[in-house]
């Protein structure tokens, strides 16, 4: 079975961007930006056998790399031509 991805919204836990339990299943791309210093949402893989509400996703190496790059650059990642973004950012007011 292919991987199924869904959007997860970051709950803002201080220094918790790298822990999947700090994200809440959204099922849609939340209102996020492509620039900003804070993680907004990630496109994570979930287990379709879990039920109606996917469990916290597993942070794979690529997603961890994208989160790290997004925090450093204050921009959505990856951001190359033709690349799908898996991590979006925002400004917190």
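Every number here is computed from the coordinates shown, using simple stated rules; none is lab data. In this text the structure is predicted, and so the values were computed from the model without any measurement.
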GNM top mover of 74, 15, 41 - the chain, alpha-carbon springs below 10 Å: 15
Length-normalised contact order for the stretch 4-90 - Cα pairs under 8 Å, 6+ apart - percent: 33
Given (i) 48, 27, 26; (ii) 35, 30, 23; (iii) 48, 25, 21, the label whose value is Cα extents along the principal axes in Å derived from this model: (ii)
Within a Gaussian network of the chain (alpha carbon springs, distance under 10 Å), most fluctuating of 42, 58, 14: 14
Angle between the chain longest axis and helix 61-73 axis [Cα atoms, degrees, rounded to 10]: 20
